[in-house]
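J.: Have a look at the structure that comes next, please.
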Amino acid sequence: MSTEEGEGSLPTTSKIVPSQNYRSTWEVSMKNPEQFWDSMARELHWFRTWDKVLEWNPPFAKWFKGGQINASVNAVDRHVNTWRKNKVAILWEGEPGDRRAITYNELYQEVNRFASVLKNLGVQKGDRIAFYMPMVPEFPAAVLAAARIGATFTVVFSGFSASSLAGRINDCQAKVVVTADGGYRRGKVIQLKEIVDEALASTPSVQKVAVYRRVGREVSMKEGRDYWWHDLMKDSKPYVAPEPLDSSHPLYILYTSGTTGKPKGAVHSTGGYLTFVHATTKWVFDVKEDDVYWCTADIGWVTGHSYVIFGPLSHGLTTVMYEGAPDYPAPDRWWQIIERYGVSIFYTTPTAIRALMKFGDDLPKKYNLNSLRVLGTVGEPINPAAWEWYYNVIGQARCPIVDTWWQTETGGILISPTPNLGIMPLKPGSATLPLPGIEPEIFDEHGKPVKPGEKGFLVIKRPWPGMFITLYNDDDRYKQVYWSRFPGYYYPGDYALKDHDGYFWFLGRADEVLKVAGHRLGTIEIEDAFVGHRAVAEAAVAGRPDAVKGEGIVAFVTLKNGFSASQQLREELKQHVRKAIGPIATPDEIHFVSLLPKTRSGKIMRRVVKAVASGAEIGDVTTLEDGASIEEVKKAIAEFTQSLGS
């Protein structure tokens, strides 16, 4: 997307007027933020109200100081004391097609019994527990059980390797690991227990392992350490009193990879985090009592924490959980699920949308998607072409798209449309405006606000309840990574601009910026231009060293069904990008591939693409969905190089 007048697709009009409700709510939150967040927090159940809304010793925040709360109570207990007791909490579907419906009362019972199991295993308030689980209903139940007794949990995505799992366990000194005999992915069994066994060879802190039987296969069980979930549950009590926890008590630690490769353990509090995800779930998704809500994220990622477990369950919603891949056994699986359960709110990634787009419009049109009311995206900026397809084909031009910007460290959504506060005019590709209580700005390299339409670095100017409170056992790194670049402001590391209407456009990570002949170009900008072409399904762009320009642009492109790779198309795409952004963005190389390197959560691994393009060391690829994708990229480069030689 371009930032120049008359060039590219970025709207520059100044006629956009958000709803009065949104404007007044945001303004109130700016004038008296503590009073505003006080009112939001009172929507939850507290054992004790707070003495002070915010104790702010930059960059460390304590929200609702003196307050006592429990996440488990807010997710299940307060619903079983109402008519929601027999309401369905989770509609679950396994990849093989098995299905279950779990009511709030059933979830409550499972949470209590597993809380009893954890206590029987010696877990106490303040201990750390690691989860390495498939997407089954017992997963959120176990997470809530940990929260119930005040154990701080860390979820490790089930696509991580044994060494990655061990590193996270050792960093937080987890006492117990909860896993399964396996899980399903694209028709194959992921051998979770074997990976855990390998990891535990180098994790002395782990004393016990609870193993859920998902696939029914034989696994090694170490006597005195490993126990079957179902056996443990036989000796459990039906009720465990929830721990009244200090608002700042660490609810969870979630590890997020840094540019250095060493994962950072983001620590989230209980009271502030719950307040924020409860409020943002309401504002962004405009939740109603009869909604069927589906966030497709794995619980291993922060989106799964905030918008699969804590946000929707705090509202007593019915949520869909699906175990497998979006295109297994066929690329219509998601549309089947939406029709089957009458999903009204659907929240997924732009990468998944682009991947499903390439199968054309006819596939989703075979299904009744009339139940959909709100569509959402998360994980990276959504390019305008994918936005339009999502809006017109999936939402049938009647569902607002909430393009949400946030990250692991923020705990919840910071910038997004807010249907609950009134539908604001949408712009394809823009995350629109900040949520109440959030004050973002765009700075130049010197920490000065830029003019509308100019690119720069996003900063958040004031604290918010969902913010992480530190990095685990590393306050210095917390200060250095997030608060030192622009002193006094939170720096998320994203490259963005604010247009003339105050709408925010995200251009990717600041470390995913190419410098071509002195010009700074976001990789997302160039990828958006590629996907704007009728033939392109997905694109990944990287820089490689260039003696003249500093960096040259290398692109890897997958094509939609019905289009074939050719030199003519390659030249056409070069001209298309040149016209969309400008001559400076003309790609040096375009490679056609059938697969792009992606994580199992669907994100393109641009770090891997860049490494292959520049001939650098690829590094850790434990979250890679398909190793063949790297070979595809390498092969494309080799063939291109060979063609130059001939």
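J.: Can you compute the modelled spin-label distance between K461 and K222, with each label point 7 Å from Cα toward Cβ, in nm?
T.: Distance between label points: 5.4 nm.
J.: So what's the back-of-envelope 222 nm ellipticity for the chain, counting only DSSP H runs of four-plus at -39500 (n - 2.57) apiece and dividing by all residues, rounded to 500?
T.: Computed ellipticity for the chain at 222 nm equals -8000 deg cm²/dmol.
J.: Could you list which residues have their amide H under 5 Å from that of M605, counting only those 5 or more apart in sequence or on another chain, with H placed in the peptide plane?
T.: Placed amide hydrogens put K598, T599 under 5 Å from M605.
J.: Next question, about the same structure. Using the number of other C-beta atoms within 10 angstrom as an exposure proxy, rank H446, H268 with the fewest first.
T.: In order of increasing Cβ crowding within 10 Å: H446, H268.
J.: If R₀ is 35 angstrom, what is the calculated FRET efficiency for the pair A397 and N86, using the beta carbon separation as r and rounding to 0.05? Kindly include the intermediate steps, with their values, before the conclusion.
T.: Details: r = 37 Å, r/R0 = 1.04.
Efficiency computed from Cβ-Cβ geometry: 0.45.
J.: Which FRET efficiency, nearest 0.05, do N170 and Q336 yield, Cβ-Cβ r, R0 45 Å?
T.: On the way: r = 41 Å, r/R0 = 0.92.
For N170 and Q336, the calculated efficiency is 0.60.
J.: A further question follows. Between S594 and R23, what is the label-point separation in nm under the 7 Å Cα-to-beta-carbon projection?
T.: For the pair R23/S594, the computed spacing is 5.4 nm.
J.: For the chain, take the longest principal axis of its alpha carbons; what is the angle in degrees between that and the long axis of helix 162-172, to the nearest 10 within 0 to 90?
T.: The angle comes out near 60 degrees.
J.: If you don't mind, there's one more thing I want to ask. Highest mean first, how do 219-232, 91-104 rank when packing is the count of other Cβ atoms within 10 Å averaged over residues?
T.: Numbers: 219-232: 13.7, 91-104: 16.9.
Packing proxy ranking, top to bottom: 91-104, 219-232.
J.: Within straight cross-link reach of K366, meaning Cα distance under 17 Å, which lysines are found once same-chain residues fewer than 8 apart are removed?
T.: K358
J.: Sort 148-159, 386-397 by packing, meaning the average of other beta carbons within 10 Å per residue, with the highest value first.
T.: Values: 148-159: 24.0, 386-397: 18.5.
Final packing ranking: 148-159, 386-397.
J.: If we count every other residue with Cβ under 12 angstrom of E55's Cβ, Lys/Arg +1 and Asp/Glu -1, where does the sum land?
T.: Computed value for this residue: +1.
J.: Can you list residues whose amide H is under 5 Å from Y212's amide H, if they're 5+ apart or on another chain and H is modeled 1.01 Å from N?
T.: So Y212 has HN proximity to T179, A180, D181, W229.
J.: Which label belongs to the value computed from this structure, given these candidates for volume of the Cα convex hull per residue in Å³: [x] 202; [y] 149; [z] 255?
T.: Comparing each candidate, only [y] matches the computed number.
J.: Give the lysines whose C-alpha is closer than 16 Å to that of K479, dropping any in the same chain fewer than 8 places away, or say none.
T.: K62, K264, K461
J.: Between D474 and V548, 0.36 nm times their residue separation minus their Cα-Cα distance comes to what?
T.: Numbers: separation 74, 0.36 × 74 = 26.64 nm, distance 4.12 nm.
Going from the current span to full extension adds 22.5 nm.
J.: Length gain on complete extension for the stretch R578 to D361, per 0.36 nm per residue less the alpha carbon to alpha carbon distance? Spell out each step's value before the answer.
T.: Details: separation 217, 0.36 × 217 = 78.12 nm, distance 2.82 nm.
Length gained, R578 through D361: 75.3 nm.
J.: Just tell me which lysines come within less than 24 Å, Cα to Cα, of K237; anything on the same chain fewer than 8 places away is out.
T.: Leaving aside lysines fewer than 8 places away in the same chain, those within reach of K237 are K85, K87, K119, K125, K175, K208.
J.: Between K234 and K52, what length in nm is gained on full extension when 0.36 nm per residue of separation is reduced by their alpha carbon distance? Could you put the intermediate results ahead of the total?
T.: On the way: separation 182, 0.36 × 182 = 65.52 nm, distance 4.34 nm.
Additional length available on full extension: 61.2 nm.
J.: While we're here: Using a 7 Å offset from the Cα along the Cα-to-Cβ direction at both K448 and N561, what is the distance between the two label points in nm, to one decimal?
T.: Those two pseudo-labels are separated by 5.4 nm.
J.: In addition: Just to be sure I follow: if Rg is taken over the C-alpha atoms of the range 263-393 and Rh is the Kirkwood radius over the same atoms, what is Rg/Rh?
T.: Values: Rg = 15.1 Å, Rh = 15.5 Å.
Radius of gyration over Kirkwood radius for the range 263-393 works out to 0.97.
Where a number appears in this text, it was derived from the coordinates with a stated rule and is not lab data. As the structure is a prediction and not an experimental result, all values here were calculated from the model. Don't worry about glycine lacking a Cβ; one is built from the backbone with ideal geometry, like all the others, and counts go over all protein chains shown.
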